[in-house]
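In what follows, a single structure is set out as C-alpha cells and then discussed.
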C-alpha cells in the first residue's frame, strides 16, 4: 500500500538519508515502495536528546538516516537500550522497549521511533522536564536552552551511567 505524504511549503524530508526540501507550495507525494522516510516534525536535534529515552530515540533516528547503520552506532544503540531497560521496571514501559528492539531488528526504525513518543512523554513527567514539541522547526518557539552554553558533543551523545537518577523505583 503506497504512503501518501502531504508536505507544507518549505517542509524538510529525509528519504533514505538524503535531505529534501519541498518548494514554496503545499504538495502531496505518493511513495509506492519501501523507503526510510523521516519528516521534519519527527527529527530530534542532538541538543534536545537530553534524557535517556530521547537519547535512545536519537540513536534510532541516526540508524534510519544512515542505512545500513555502522556497527559503532548499533553498539551505542544496544548499550542505551540495555541501560534504559534496566532503568524502567513497569511492564508497559518494558513492552514498549521490547517492541522498539524488535522493530530496529527488522530495520523499521521509523516505527521504532514512533513507539518511543509515549515513553518520552512519560519520562518527561517523571523527570519534571518540559514535554517535547513534535512540530516542524519553523513552528517551535525559541527554547530557553538555546541561550545556554552548548555542552560538548561527547557529553551530549555519550549514554549517562546515572539514567535512573530522579526516577523513583515505583515510577520506573
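For the stretch 44-135, take the alpha-carbon Rg, divide it by the Kirkwood Rh, and send me Rg/Rh.
Details: Rg = 12.3 Å, Rh = 13.2 Å.
Over the Cα atoms of the stretch 44-135, Rg/Rh equals 0.93.
Which order do peptides 107-117, 87-97 fall in by mean Cβ count within 10 Å, highest first? Walk me through the numbers before you get to the answer.
Details: 107-117: 19.2, 87-97: 15.8.
Top of the packing list down: 107-117, 87-97.
Multiply the residue separation of residue 126 and residue 108 by 0.36 nm, subtract the distance between their alpha-carbon atoms, and state the gained length in nm to one decimal.
Details: separation 18, 0.36 × 18 = 6.48 nm, distance 2.80 nm.
Computed gain between residue 126 and residue 108 is 3.7 nm.
Report the label-to-label distance for residue 4 and residue 85 in nanometres (one decimal), using points 7 Å from each Cα along the Cα→Cβ vector.
So the label points at residue 4 and residue 85 sit 3.9 nm apart.
Read-outs: derived from the displayed coordinates by stated rules, not from any lab. All of these numbers come straight from a predicted model, not from anything done at the bench. Cβ coordinates were reconstructed from backbone atoms using ideal geometry, including for glycine residues, and neighbour counts include every protein chain displayed.
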